[in-house]
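Worksheet: one structure, shown below.
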Amino acid sequence: MSNITKHDSEKSRSLWQDVARRFVNNKLAVCGLIFFVLLILISISTIMIDIITDNSIYNEYVVKQNLAEKLAKPSLEHIFGCDEFGRSIFFRMVWGTRYSLFIGIIAIFIATVIGGFLGGIAGYYGGKIDNVIMRVMDVFLAIPSMVMAIALVAALGASTFNLLLSIAIPQIPRFARIVRVSVMSVKDMEFIEAAKAVGAKDKLIIFGYILPNAMAPIIVQATLGTANAILAIAGLSYLGLGVQPPTPEWGSILTSARMYIRDAWHISVIPGIGIMLTVLSLNLFGDGLRDALDPKLKN
């Protein structure tokens, strides 16, 4: 028995080592991962700075107005220039990273958990339960994600929590469908039949055996979904339905910049480049992860 367990452990380790090797060989995917990790570190750093300094740097450099520096162009003093209120765009971009990034990550996490649960139940039990759950998901999928997000924020009110919900809810059906298909492809395998034969409960089979073996497409979808979520956050903030001023969020920075795009290009171009690079890095990371986890691309 110990030899079998040791063999399975070595086989699993070899599989993940193979996945890691294929991922590392994809240079663009590695660059995307490095950039994404850098953004996470920046976000965590700003939170720690606010805690240590009791928000003094945030109040002084991020939200405090200085009309003497209004629309100042990029220089050694202000790397990215200043906005229409004389606030440093560099500091606003750095502090805004945590809002765009963390809201997107948390929203996709919520969508993954709820969608994964619904998809797992539908795929495992099938029949009427599957039909009811998936028809409800089809109704949600029939509504464009951005339209649903706008409707939810407009109905609930503009706040960070409501923005989080408006991003998460439209993503739930996508994860439910992916998890359902993955569960259906795994549930009839021999080891699942063996678990049923020894009396394992459905809860243990679904969450202990099936979902861990169906994680690859879920992880890839979560990575790509985070990129879409960041775009949606920026879009809602641009429409005035997202993070509200003076909180520095990339989309809200673009909202105020549109009035000055002819006279101060840097206010709109720099946040736009930040959003573009973030979404691009996540897409590259997600594509590389998908290729590494796909056994068809092993050679």
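Some observations on this one:
- The residue that is farthest from LEU33 (Cα to Cα), counting only those in the stretch 254-268 that are surrounded by 15 or more Cβ atoms within 10 Å (Cβ to Cβ) and free of Cβ contacts under 8 Å to residues at least 24 places away in the same chain, is THR255.
- Picking from residues in the stretch 202-253 that are among the polar types (S, T, N, Q) and not in a helix (DSSP H, G or I), the one that is surrounded by the fewest Cβ atoms within 10 Å (Cβ to Cβ) is GLN244.
- Pairs where the first residue, in the stretch 151-173, is over 19 Å from ILE108 (Cα atoms) and the second is loosely packed, with under 14 Cβ neighbours inside 10 Å and of a type outside the set (Phe, Trp, Tyr), C-beta under 7 Å, 6+ apart: none
- Residue match in the stretch 158-176 (condition: within 29 Å of GLY240 (Cα to Cα), assigned to a helix (DSSP H, G or I) and at pLDDT below 85): yes
- Filter result for the condition that a residue is of a type in the set (A, V, I, L, M), assigned to a helix (DSSP H, G or I), crowded, with 18+ Cβ neighbours inside 10 Å and on the phi < 0 side of the Ramachandran plot, over ILE121, ILE114, ILE106: ILE121
The values are calculated or read from the model by the stated rules, or taken from the named source; none is laboratory data. Please read these numbers as outputs of a predicted model, since none were measured by experiment. Don't worry about glycine lacking a Cβ; one is built from the backbone with ideal geometry, like all the others, and counts go over all protein chains shown.
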